[in-house]
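First the structure, in the form of structure tokens, and then the observations on it.
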Amino acid sequence: MSHWLKSLLPRGLYGRTALILVVPIVTIQIVLSIVFIQRHFDRVTQQLTGAVVLELRYILGRIDAAPELGDALAELDPLTRALRLELAPAPGPVPPADLRRVHDLAGVVLLSTLREDLPGYLAADLQTDTRQVVIWTDTAHGVLQASLNRNRMSPSNPHQLLVIVLLATIVMTFISFLFLRNQVRPIRRLARAAEAFGKGQSLRYYPSGASEVRAAGRAFLDMRDRIERQIEQRTLMLSGVSHDMRTPLTRMRLTLSMMEPGEDVAALEADIAELETLLGSFLDFARAHSVVEVEAVDPVAMVREVVEARREAQPRVTFDCQEAPVAPMALRPLLVVRALENLIGNALRYGASAHVSLTQSDTELTITVEDCGPGIPPERRAEAKRPFVRLDSARNQNLGGGVGLGLAIAEDAMHQHGGRLELDNSPALGGLRARLILPR
């Protein structure tokens, strides 16, 4: 039940605040209408009908006392005219019950008062002509029919006050919505700035709105500045360390090139090559957290270019793209290319081939890399995406070097686009399926 109610509630702050504003107003109006206004008009109707009953009792008493009905009606004609009352013998049969429209709430009180206070009362018709009241009474000379204007027995516009209150409520609610929108706008701006920063963008933002929102905005700006300084310092540190380490590695390679070839020299050259690969991975991981400008990119051309470049050295890479045209997207191409190259490299390292495909929906673009290798157990996939994690039991480390940064770089690249990296089993090749999911 609670989940069903939550699904009906608005998700946004503006909608929930508006609901908090509107529900009490509507509830108050309903209570006011039922408890106060309806009771007020019921009392007014009872008093007006009671006055008409007194007039009818006097007239009917004179008729019962008269020897002839015609003489009585002629004698009472000036009085009935003054009271705007038409009195005559009933021209037809009397209705078996009172006639009233269902929504005529004032008619309930009117008929009840007639039934209780008018002697000889038989029935009344409030339905045939809503502007007239027809009353049948039993007298000493037979059944008489009395007709008079409905305005004499109940208020002419009993719901006029409701209409006025409703219009005033609509106007005040509209004004409240205007003020509410001005209060929610700074919160939305803060949310957009925070969401953009989570995707690697730095939107221009200045605190505004209520004091609490301004405090939250200033705290966000301070946090963003600290994180940007930390990222910059880490990037500079990793870049400096990698650069400084390349110099002695170059001297070592130069020294080895001047020595006589042999098994020991070949082993040292392999170690140096592995160290250079590790340094390249460190630099890629550092660059993944740097701010890169967004560009309008054709995703199909970008992916095809990466696959073709890799296919020149290793023809075991295939590419499949859906036939529907893919519109250009706002991406950071360097990050996406780096992530895709890492996934293809992993697929070729641990499998005999790599299959790259690209699909799209209304909300997402998915780049999939599949291999026929041993894959990664489901319980260790989240761990595999952490930096510097190497799953020796899941992937054969003898097949290639690495420091466990490939999947971490790919996931960081997706986070900077507001997307995600998903790992599961490949239904076609049986190995690992890695999906780069980018929001459109």
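The values are calculated or read from the model by the stated rules, or taken from the named source; none is laboratory data. Keep in mind it's a predicted model, so treat the numbers as computed, not measured. Reconstructed Cβ throughout: ideal geometry from the backbone, glycine too, with neighbour counts over all protein chains shown.
Taking the options Ile37, Ile59, name whichever one is in contact with a helix residue (DSSP H, G or I) (Cβ under 7 Å, 6 or more places away or on another chain) and within 30 Å of Val165 (Cα to Cα).
Ile37
Got at least one residue in the range 148-158 being part of a helix (DSSP H, G or I), surrounded by fewer than 17 Cβ atoms within 10 Å (Cβ to Cβ), not assigned by TED's automatic domain parsing to the domain that holds Val22 and not hydrophobic (A, V, I, L, M, F, W, C)? Steps first, please.
Just the residues of the range 148-158 that are part of a helix (DSSP H, G or I), to begin with: 150-152.
Filter again for surrounded by fewer than 17 Cβ atoms within 10 Å (Cβ to Cβ), leaving 151-152.
Narrowing further to those that are not assigned by TED's automatic domain parsing to the domain that holds Val22: none.
No, every residue in the range 148-158 fails to be part of a helix (DSSP H, G or I), surrounded by fewer than 17 Cβ atoms within 10 Å (Cβ to Cβ), not assigned by TED's automatic domain parsing to the domain that holds Val22 and not hydrophobic (A, V, I, L, M, F, W, C).
Of everything in the range 262-290 that's of a type in the set (Gly, Ala, Ser) and modelled with pLDDT of 75 or more, which residue is farthest from the chain's Cα centre (by Cα)? Spell out how you get there, then give the answer.
Filtering the range 262-290 for residues of a type in the set (Gly, Ala, Ser) gives 262, 266-267, 270, 273, 280-281, 286, 288, 290.
Retained after the next criterion (residues that are modelled with pLDDT of 75 or more): 262, 266-267, 270, 273.
Details: Gly262: 69, Ala266: 62, Ala267: 61, Ala270: 56, Ala273: 53 Å.
Per the stated criteria, the residue is Gly262.
Listed residues Val337, Val317, Val356; which is surrounded by fewer than 20 Cβ atoms within 10 Å (Cβ to Cβ) and β-branched (Val, Ile, Thr)? Quick ask: steps written out before the conclusion?
Values: Val317 fails: surrounded by fewer than 20 Cβ atoms within 10 Å (Cβ to Cβ); Val356 fails: surrounded by fewer than 20 Cβ atoms within 10 Å (Cβ to Cβ).
Just one listed residue meets the conditions, Val337.
Just to verify a result, which residue in the range 85-110, among those that are more than 21 Å from Asp64 (Cβ to Cβ) and in contact with a strand residue (DSSP E or B) (Cβ under 6 Å, 6 or more places away or on another chain), is surrounded by the most Cβ atoms within 10 Å (Cβ to Cβ)?
Ranking the candidates gives Asp98 first.
For the range 346-360, which residues satisfy the criterion of being touching a residue at least 60 places away in the same chain (Cβ under 8 Å) and closer than 24 Å to Val326 by Cβ? Give the derivation first.
First pass over the range 346-360, keeping only residues touching a residue at least 60 places away in the same chain (Cβ under 8 Å): 346-347, 350-351, 353, 355, 360.
Within the range 346-360, Ala347, His355, Gln360 meet the criteria.
Please determine whether any residue of the range 333-355 is modelled with pLDDT of 85 or more, part of a strand (DSSP E or B) and within 33 Å of the chain's Cα centre (by Cα).
Scanning the range 333-355 turns up no residue that is modelled with pLDDT of 85 or more, part of a strand (DSSP E or B) and within 33 Å of the chain's Cα centre (by Cα).
I'd like to know if the range 175-185 contains one or more residues that are surrounded by 14 or more Cβ atoms within 10 Å (Cβ to Cβ), among the β-branched types (Val, Ile, Thr), farther than 15 Å from Glu86 by Cβ and in contact with a Phe, Trp or Tyr (Cβ under 9 Å, 6 or more places away or on another chain).
So far as the range 175-185 goes, yes, one or more of its residues are surrounded by 14 or more Cβ atoms within 10 Å (Cβ to Cβ), among the β-branched types (Val, Ile, Thr), farther than 15 Å from Glu86 by Cβ and in contact with a Phe, Trp or Tyr (Cβ under 9 Å, 6 or more places away or on another chain).
Pairs needed: first member in the range 81-104, touching a residue at least 12 places away in the same chain (Cβ under 8 Å); second member anywhere, among the charged types (D, E, K, R) and surrounded by 10 or more Cβ atoms within 10 Å (Cβ to Cβ); C-beta distance under 6 Å; at least 6 residues apart or different chains.
As it stands, the answer is Leu83/Glu55; Leu99/Asp125, since those pairs meet every condition given.
For the subset of the range 404-440 comprising residues that are more than 21 Å from His355 (Cβ to Cβ) and part of a loop (DSSP other than H, G, I, E, B), which member is modelled with the lowest pLDDT?
Out of the qualifying residues, it is Gly404.
Restricting the range 196-224 to residues that are free of Cβ contacts under 8 Å to residues at least 12 places away in the same chain and in a loop (DSSP other than H, G, I, E, B), which is nearest to Leu331 (Cα to Cα)?
Here the residue is Leu203.
Can you say whether Pro119 is assigned by TED's automatic domain parsing to the domain that holds His141 and farther than 19 Å from Ala51 by Cα, as far as the supplied structure shows? Reasoning before the result, please.
Details: assigned by TED's automatic domain parsing to the domain that holds His141: yes; farther than 19 Å from Ala51 by Cα: no.
No; evaluated as a whole, the condition is false for this residue.
Could you list, in sequence order, the residues of the range 356-391 that are modelled with pLDDT under 90 and either of a type in the set (S, T, N, Q) or part of a helix (DSSP H, G or I) (or both)?
Thr359, Gln360, Ser361, Thr363, Pro378, Glu379, Arg380, Arg381, Ala382, Glu383, Ala384
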